[in-house]
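Taking it in order: structure first as structure tokens, then the write-up.
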Amino acid sequence: MAGRVEAPNYGAQPGGQEGFVLAGTDHGHPVGDTLISMRTTLFAAALAITLSVNGQETSAVFDWDKLVVKKTATGERREIINRPTATMKNLESHATTLEAGLVPHAPHRHMDEEIVIVKEGTMEVTIEGKTQRGGPGSMFFIASNEMHGSKNVGAGRATYIVLRIVTEASSKH
């Protein structure tokens, strides 16, 4: 399929959760043997993901400026995708914007894994009792069943993009 694909908004997953974990980094600098970092400018304009349109596997571009912004009690939320893919039982992605000093929800755990990319601001995260911070350009991996929570500790808003990966293995628990 040539040209740009306008992907439908698949909506939020019932009971969906957000998460944020910083593994092996301190503001994007290595503190252990793990550093996962990525420029979020890739996400400022658009996020490309594989999905199925009319039964055909294809790629799509989710233009940041065209994502529907929903006001929340703590800031804003933009739904990106929430559906099965060829290799995942479900892929859920959304962007959360938190006002200064706020948390998106209480600490929690879940069987699926997450990848979180900080677009702007400074987030403080606690994973299994260890608290760290990360800013723009940081990418975090949340392992299955780890207790985690987050807070915007910057002076302004913080925005991050969540990718929740549900596989057959994680959906059985």
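We did not get these values from a lab; they are worked out from the coordinates using the rules stated. It should be emphasised that the depicted structure is a prediction, and the values quoted were computed from it without experimental measurement. In this analysis, Cβ positions are derived from the backbone assuming ideal geometry, glycine residues included, and neighbour counts consider all displayed protein chains.
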Exercise. In what sequence, highest mean first, do 71-82, 143-154 appear when ranked by Cβ atoms within 10 angstrom?
Worked result: 143-154, 71-82
Exercise. Across region 112-126, in residue order, what do the Karplus-derived ³J(HN,Hα) couplings come to in whole Hz, using 6.51 cos²θ - 1.76 cosθ + 1.60 with θ = phi - 60° and x for Gly and Pro?
Worked result: 6, 9, 9, 10, 10, 10, 7, 8, 8, x, 10, 10, 9, 10, 10
Seminar exercise, completed: For M111, other-chain or 5+-apart residues with amide H closer than 5 Å (H placed, Pro excluded) are N145
For this session: Could you check the simple spin-label distance between V103 and K130, using points 7 Å along Cα→Cβ, in nm with one decimal?
Result: 2.0 nm
For this session: Between K71 and M111, with labels modelled 7 Å along Cα→Cβ, what's the label distance in nm to one decimal, could you check?
Result: 3.8 nm
Exercise. Between K89 and S59, what FRET efficiency comes out of the Förster formula 1/(1 + (r/R0)^6) with R0 = 22 Å and r the beta carbon distance, rounded to 0.05?
Worked result: 0.65
